[in-house]
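Quick notes on the structure that follows.
The values are calculated or read from the model by the stated rules, or taken from the named source; none is laboratory data. Note that the structure is a prediction, hence the values are computed from the model and not measured. All Cβ positions, glycine included, derive from the backbone under ideal geometry; neighbour counts span all protein chains shown. For the accessible areas, the whole protein counts, side chains as well, though only heavy atoms, and no ligand, DNA or RNA atoms are used. Shrake-Rupley method; radii C 1.70, N 1.55, O 1.52, S 1.80 Å.
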Amino acid sequence: MNIEDFDFELPEELIAQTPLKERASSRLLVLNRDTKEVAHKYFTDIKQYLKKGDCLVLNNTRVLPARLYGVKEDTSAKIEVLLLHQQDEDEWEVLAKPAKKVKVGTTLVFGEGKIRATCTALKAHGGRIFDFSYEGIFYEVLDELGEMPLPPYIKKQLSEKERYQTVYAKEEGSAAAPTAGLHFTNSLLDELKSMGVTIAFITLHVGLGTFRPVSVDNIDDHTMHAEFYHMTKETANTLSQVKQAGGRIISVGTTSTRTLETIARDNNGQFAESSGWTDIFIYPPYQFQAIDGLITNFHLPKSTLIMLVSALADRESILNAYNEAVKEKYRFFSFGDAMLIL
């Protein structure tokens, strides 16, 4: 398929720049895969579409304040660094900007010496390997010096860091938020549990692939960047029991979807305790093995994420739903409104 098959017109003013005051007050577009019908709701109306025996799968990754601004030790040239993932205790893969100024042996200084980092290897697309040194606990120092790595289409600074975290964020290590989960509150999750909906957690640390556009015309030629995932034995058992009982597995976000589909693919359609790196690229036509529905935000034109949702519902239904969302002035992307595909 061609990249142009996944394009749509989006007025810039519909790109949400800030989160809503109340997480669950966002709008919800509901797409029925069988009838192709679209319904316009609010996120709390999700209770109307879930039932006892269903299972929501949430990604409990926690976003690091991973953007650091520092200087080269020798020239004081300004360098921006985005932490992508931890390779060893104090060794990280990062994106450096401007990358051409960072060579092997370059030492950067952050926060007047609170963190120092030396480049030990070069990677593609501006990637670098850095060895970090600091005093105290790294994540505490990072929390003091780092900024949330908001996507480039968000131009405003975030006043509260926690608004770019889900309420259930737990496992440190992500370079971006699993934004479909930002709509949930603890009280809404409690209501769903009281209805008999099971809540299960997986972890996928969002990495470089989130920031990399598709640069090929034929999407078969696109290569996804690998991201680390983990599913516990408890979650695997829960999901297996839900399936056996005839319940529906509804993933919250494309990150949860990619994790579940990776594990099902590698275990003959079953769920099992698992950790590893996934570079799964889901686009039409694709036979889903793990999920029965998806809660997601609205995605960028020509992105791998709109391709994924176009594989779950058909491409024409997705583009029609997106056109409806534009017409009804839904808020798009990370801090935007939500979509339920069932």
Matching residues, the stretch 306-332, being of a type in the set (D, E, K, R) and outside any helix (DSSP H, G or I): Asp314, Glu328, Lys329, Arg331
Which ones in the stretch 275-293 are open to solvent by less than 50 Å² (accessible area, probe 1.4 Å), outside any loop (DSSP other than H, G, I, E, B) and free of Cβ contacts under 8 Å to residues at least 60 places away in the same chain? Gly276, Gly293
Taking the stretch 82-112 only, how many residues are surrounded by 15 or more Cβ atoms within 10 Å (Cβ to Cβ), among the β-branched types (Val, Ile, Thr) and more than 23 Å from the chain's Cα centre (by Cα)? 4
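Rundown of residues vs (1) surrounded by 17 or more Cβ atoms within 10 Å (Cβ to Cβ); (2) not basic (Lys, Arg), yes/no style:
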| position | (1), (2) |
| --- | --- |
| Tyr42 | no, yes |
| Leu50 | yes, yes |
| Gly53 | no, yes |
| Leu58 | yes, yes |
| Arg62 | yes, no |
| Tyr69 | no, yes |
| Asp74 | no, yes |
| Ile79 | yes, yes |
Which is outside the structural domain of Thr259 (by the TED database), over 25 Å from Ala226 (Cβ atoms) and touching a helix residue (DSSP H, G or I) at 6+ places or on another chain (Cβ under 9 Å), of Ala96, Ala77? Ala77
From the options Leu10, Leu50, residue that is under 18 Å from His183 (Cα atoms), touching a residue at least 60 places away in the same chain (Cβ under 8 Å) and outside any strand (DSSP E or B): Leu50
Restricting the stretch 244-274 to residues that are without any contact (Cβ under 8 Å) to a residue 24 or more places away in the chain and at negative phi, the residue that is surrounded by the fewest Cβ atoms within 10 Å (Cβ to Cβ): Gln244
Please work out which one of (1) part of a loop (DSSP other than H, G, I, E, B); (2) at pLDDT below 95 is the condition Gly209 fails and give its number. (1)
Only one of Leu58, Leu68, Leu83, Leu64 is at pLDDT below 95 and touching a helix residue (DSSP H, G or I) at 6+ places or on another chain (Cβ under 7 Å). Can you tell me which? Leu64
Tell me the residue from Asp143, Asp131 that is in a helix (DSSP H, G or I), of a type outside the set (Lys, Arg) and under 23 Å from Glu227 (Cβ atoms), please. Asp143
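One line per residue, one yes/no per condition, for (1) in the same structural domain as Val94 (by the TED database); (2) surrounded by fewer than 16 Cβ atoms within 10 Å (Cβ to Cβ):
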{"residue": "Gly127", "(1), (2)": "yes, no"}
{"residue": "Tyr134", "(1), (2)": "yes, no"}
{"residue": "Ala175", "(1), (2)": "no, no"}
{"residue": "Phe184", "(1), (2)": "no, no"}
{"residue": "Val197", "(1), (2)": "no, no"}
{"residue": "Asp217", "(1), (2)": "no, yes"}
{"residue": "Asp220", "(1), (2)": "no, yes"}
{"residue": "Met231", "(1), (2)": "no, no"}
Of the conditions (1) over 20 Å from the mean Cα position of the chain (by Cα); (2) of a type outside the set (Val, Ile, Thr); (3) open to solvent by 10 Å² or more (accessible area, probe 1.4 Å); (4) within 25 Å of Pro11 (Cα to Cα), Ala321 clears all except one; give me its number. (3)
Tell me the residue from Ile79, Ile46 that is aliphatic (A, V, I, L, M) and more than 23 Å from the chain's Cα centre (by Cα), please. Ile79
Output the number of the condition that Thr203 fails; it satisfies all remaining conditions of (1) in a helix (DSSP H, G or I); (2) within 22 Å of Thr166 (Cα to Cα); (3) open to solvent by less than 50 Å² (accessible area, probe 1.4 Å). (1)
